[in-house]
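Below is one structure; the comments refer to it alone.
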Amino acid sequence: MADFKDRESAFENKFALDESLMFKAEARACKLFGLWLGKKLNFSEGEAQALAANLVGANLEEAGFDDVKRAIAPVIVDSGVAVTDEEIDTQLEKLFIDAQEQIKNEA
């Protein structure tokens, strides 16, 4: 019986760790995406940093990146720079993978 409890505890610990890493990876991906988008929209370094910070906060609204996409829509429109939905999705996917790798390498 103790062996089952040990395995159950180990599984719960792994799940919690995986969730924590996923949260950190999403936050980092949002930051990287904000910096990428700021550069694409010809923002200053400070403006890009502010955008990145705002996107990290926007991502806390719901799982996934739909909240981030909603947050950037008016920013893109106001900038007058053409950015396609496909380009956004591709960058978010790539940067999420990059963020996961960065976090794994830090551990």
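The values are calculated or read from the model by the stated rules, or taken from the named source; none is laboratory data. Since the model is a prediction, treat every value here as computed from it, not as a measurement. Cβ sites come from the backbone with ideal geometry, for glycine too, and all protein chains shown count toward neighbours.
Tell me which residues, restricted to the range 57-66, are under 18 Å from Leu35 (Cβ atoms) and in contact with an Asp or Glu (Cβ under 9 Å, 6 or more places away or on another chain). Ala58, Asn59, Phe65 - these are the residues of the range 57-66 that are under 18 Å from Leu35 (Cβ atoms) and in contact with an Asp or Glu (Cβ under 9 Å, 6 or more places away or on another chain).
Condition first: of a type in the set (Gly, Ala, Ser) and under 15 Å from Ala27 (Cβ atoms). Now tell me which residues in the range 90-107 satisfy that. Scanning the range 90-107 gives a single hit, Ala99.
Could you please let me know if Ser44 is loosely packed, with under 11 Cβ neighbours inside 10 Å and either free of Cβ contacts under 8 Å to residues at least 24 places away in the same chain or at negative phi (or both)? For Ser44, the condition - loosely packed, with under 11 Cβ neighbours inside 10 Å and either free of Cβ contacts under 8 Å to residues at least 24 places away in the same chain or at negative phi (or both) - is met.
Please go through the range 75-101 and give me each residue that is under 15 Å from Gly38 (Cβ atoms) and loosely packed, with under 12 Cβ neighbours inside 10 Å, ordered by number.
Asp78, Gly80, listed by residue number.
Gly57 meets all of the listed conditions (1) modelled with pLDDT under 95; (2) surrounded by 15 or more Cβ atoms within 10 Å (Cβ to Cβ); (3) not hydroxyl-bearing (Ser, Thr, Tyr) but one, namely (2).
Scanning the range 60-71 for residues being crowded, with 19+ Cβ neighbours inside 10 Å and either touching a residue at least 60 places away in the same chain (Cβ under 8 Å) or in a helix (DSSP H, G or I) (or both) gives a total of 2.
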